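Each value in this text was obtained by applying a stated rule to the coordinates, not by laboratory testing. None of these values were measured; they are calculated from a predicted model. Counting neighbours? That spans all protein chains shown, and the Cβs are built from the backbone with ideal geometry, glycine included.
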Amino acid sequence: MSTRIIALIGVSGSGKTALIHEAVLRNSTLQKVRSFTTRSRRNPTSDATYDFVSVWTLIALWIRQRIVQWNVYGWNIYGNERRHFEAIGCSHIGILAMTERGALKLRKAGYDVRIVKLTPRGATVRRGREAADRKRLDRLIADYEIINDFGAGGFDHALRDLIRWSGTAFT
């Protein structure tokens, strides 16, 4: 059986990281997959999601063939090391936030990936890059869609939906 992955894809600020954090806490089958980035730290919670690396470290990982996929986004490089997927095992499902391109690269590398489109409702698009992201997200072909309503109770509803769906996504 190949490694099972849920790729949560959505615009910046749509709640991907928060949903993943809570889903892993509430469902022991889900395991957060760390990513790497060359961007600077934004806040302490980023440390739980990313390995912050220099471009030189990234080049060394690439030379040693330890990178499964990578993408450039907003002048920074994001990606995943093979070791983080190998650590998941057959009894767990890996979950992470990423781009559609990254998810498709994981599929090409042989991972069993389910794409979840996270659509925010009630959030505003703040920057030009995010407006372009929203256009790409509108065209995304996903295995499942979750609406994260930023109104009362919306996050809890999205979280329950993600946990429920993750239990049937690979059956």
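Quick notes
- Residues whose placed amide H lies under 5 Å from that of residue 30, excluding near-sequence neighbours: 93
- Summary: within the chain, the longest segment free of trypsin sites (Lys or Arg not before Pro) located in DSSP loops with at most 10 other C-beta atoms within 10 Å is 65-171.
- Based on DSSP H segments of at least four residues, each scored -39500 (n - 2.57), the chain has a per-residue ellipticity at 222 nm of -10000 deg cm²/dmol.
- Note on the chain: semi-axes of the ellipsoid equivalent to its C-alpha gyration tensor, largest first and rounded to whole Å, are 24, 20, 15.
- For chymotrypsin sites (Phe, Trp or Tyr not before Pro), the sites in segment 1-103 that DSSP calls loop and that have at most 16 other Cβ atoms within 10 Å are 75.
- Taking a sphere under 9 Å around the Cβ of residue 114 and counting the other residues whose Cβ falls inside, with K and R at +1 and D and E at -1, yields a net charge of -1.
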